[in-house]
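**Student:** I have a structure here, written as structure tokens, and I will follow up with some questions on it.
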Amino acid sequence: MTDPVKSPYDRHPFDPNDHSHDNENSNPGNTTSPHLNVAWERHISFNTPPKEITEDASGMPGAPPGSEPDAEDFSINLQRVGTQVDSMLGVSRELVTEYETLRAKVLGSESTVFGQNTHARAQTYQGYTTFDSGYSDQPSGWVAPAKDFAAKMNPAQEKTLQSIGAALELVGEYIALVNHSGQIYAQADRSSYFPDPPPKGVTG
């Protein structure tokens, strides 16, 4: 083997002979990355009554009914909200497709991507006085350091995939909450009515 080429960009290259950090962060914890898909083709109609949500986005119980302060006057364009929700669904669908492609590529190449199965072709001669020759495959000298590197890098890559998947799941939860808000406003509008006039009529 030749001496490694020093990169001007990597100030701390991987050294398979350096075991001083073997016990540091040796357990990355759970690295399972989620399978993701976008459940909605389009947003659920605001004419659909909203379902009850018992917890807010932080996981804490929501405020009990009737304890919220009175809201000030406001207006909302539900058509625009629906258009924006559909737009977010389209973008998230593209992101999920890219994530799933990356996830399949990373998890499908972990055992080979760093050269763990590298083979070298060695020339062998069948006799001393003939020109008969052949080739034999054998593991190269890079196999051992590649496996050592993979043992550290694969969990890091899996943890990164998990973080990306978790972020996309939060995006999905946000979209669902926006749509739920639209349903609530629409339900409030359908339930709104003027009170009955006083029995003696209206004067003024």
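The values are calculated or read from the model by the stated rules, or taken from the named source; none is laboratory data. What you see is a predicted model; the values in this text were computed from it and never measured. We place every Cβ from the backbone using ideal geometry, glycine too, and count neighbours over all the protein chains shown.
**Student:** Could you count how many residues in region 162-182 are surrounded by 14 or more Cβ atoms within 10 Å (Cβ to Cβ) and closer than 23 Å to N47 by Cα?
**Tutor:** Of the residues in region 162-182, 8 are surrounded by 14 or more Cβ atoms within 10 Å (Cβ to Cβ) and closer than 23 Å to N47 by Cα.
**Student:** Further question: Picking from Y185, Y128, Y135, which residue would you name as being under 30 Å from Q79 (Cα atoms) and either modelled with pLDDT under 95 or surrounded by fewer than 12 Cβ atoms within 10 Å (Cβ to Cβ) (or both)?
**Tutor:** Working: Y128 fails: under 30 Å from Q79 (Cα atoms); Y135 fails: under 30 Å from Q79 (Cα atoms).
Testing whether each residue is under 30 Å from Q79 (Cα atoms) and either modelled with pLDDT under 95 or surrounded by fewer than 12 Cβ atoms within 10 Å (Cβ to Cβ) (or both) leaves just Y185.
**Student:** Suppose we filter region 13-56 for residues that are at pLDDT 80 or above, in contact with an Asp or Glu (Cβ under 6 Å, 6 or more places away or on another chain) and not hydroxyl-bearing (S, T, Y); how many remain?
**Tutor:** 2
**Student:** Still on this structure: Being surrounded by fewer than 15 Cβ atoms within 10 Å (Cβ to Cβ) and not basic (K, R) is the filter here; which residues of region 104-114 pass it?
**Tutor:** The initial filter retains those residues of region 104-114 that are surrounded by fewer than 15 Cβ atoms within 10 Å (Cβ to Cβ), namely 104-105, 107-109, 111-112.
The answer is A104, L107, G108, S109, S111, T112.
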